[in-house]
Amino acid sequence: SQQGEEDPQALSIQEGENATMNCSYKTSINNLQWYRQNSGRGLVHLILIRSNEREKHSGRLRVTLDTSKKSSSLLITASRAADTASYFCATVAPGSSYKLIFGSGTRLLVRP
Amino acid sequence: GAVVSQHPSRVICKSGTSVKIECRSLDFQATTMFWYRQFPKQSLMLMATSNEGSKATYEQGVEKDKFLINHASLTLSTLTVTSAHPEDSSFYICSAPLGTATYEQYFGPGTRLTVT
């Protein structure tokens, strides 16, 4: 089953612009993770934010988490053409033994 | 860094045949692995949790007799799609958590199954 929705489903921006993707989920979580998937490939872990954290940074990535609204956002600053990929949020429920439940994903296109 | 491999990367089979997909953790041990399927332009749907030395745990709606999972060692889990049909055509991906200290997971590159 899917945990929730991501918004937008698709995003097209110019290189250098910022990209913001949003994720909503339904149940309580232990942590929320963001993954990236290039077309036809496996997923690469980007960043993990715990339920007691509100914001986290990693390089050009900034993730926020609002547990009261059951939502998270991923911001990619100064985007590059190489950032073109699908981005998925995934949640881990308390006591679920690492089981990831994925959101619907956002397809990002960064135009050179 | 930790790597998870899958084999084969692509397979085409005839309807009614069975296909085995392997998932290996290359430089770490994984007592638990996960199997997902992904349809084009869609998200990953968790199929089952593969447990080393015990039975797999299947998600609701996934037929355990259709998708046989074996986790015989700490570095290998296999998914066998039995009596495959065209509707089983999909992208199958496995993942493994690196260990108990982290929740992040490492994903295999995926296997594209086409059933004709």
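Computed from the coordinates by the stated procedures, all read-outs in this text should not be read as laboratory data. Everything quoted here is computed from the prediction, not taken from an experiment. Please note: Cβ atoms are built from the backbone with ideal geometry, for glycine as well, and neighbour counts cover all protein chains shown.
Taking the DSSP beta bridges in the protein assembly as shown as the whole, what percent of them are antiparallel, to the nearest 5? Restricted to the protein assembly as shown, the bridges split so that about 90 percent are antiparallel.
Would you tally the net charge around residue B:111, using a Cβ to Cβ cut-off of less than 13 Å, leaving residue B:111 out, and scoring K and R as +1, D and E as -1? Here the charged neighbours net out to +4.
Rg and Dmax of chain B, both derived from C-alpha coordinates alone, stand at 13.4, 43 Å.
Tally Lys/Arg at +1 and Asp/Glu at -1 over every other residue whose Cβ is under 13 Å from the Cβ of residue A:83; what's the total?
Counting the neighbours of residue A:83, the net charge comes to +3.
As a rough footprinting exposure proxy, the listed residues A:86, B:15 were ranked by other beta carbons within 10 Å of their own, and the order from fewest upward is B:15, A:86. Any chance you could check the Cα centroid distance between region A:65-112 and region B:49-113 for me, in angstrom? Rounded to whole Å, the Cα centres lie 22 Å apart. Taking amide H positions as modeled 1.01 Å from N, with prolines and chain starts lacking one, the residues under 5 Å from residue B:75 and 5 or more places away or on another chain are B:30. For chain A, the fraction of alpha-carbon pairs lying more than 20 Å apart is 35 percent, rounded to a whole number.
Near residue B:88, once Lys and Arg are set to +1 and Asp and Glu to -1 for all other residues with Cβ below 10 Å from its Cβ, the sum equals +1. Each of B:116, A:67 was scored by other Cβ atoms within 10 Å of its Cβ. Listed from fewest to most, they are B:116, A:67.
Averaged over the residues of A:41-49, the number of partner chain Cβ atoms lying within 10 Å of the residue Cβ comes to 5.
With kT/(6 pi eta Rh) evaluated at 37 °C and eta = 0.692 mPa s, and Rh the Kirkwood radius from Cα pairs, the protein assembly as shown diffuses with a coefficient of 182 µm²/s according to Stokes-Einstein. Net length available on complete extension from residue B:41 to residue B:18 is 5.7 nm, with 0.36 nm assigned per residue and the Cα-Cα distance removed. In a DSSP loop and with at most 14 other Cβ atoms within 10 Å, the GluC sites (Glu not before Pro) in region B:5-76 are B:63. Beta bridges assigned by DSSP with both partners in chain A are antiparallel in approximately 85 percent of cases.
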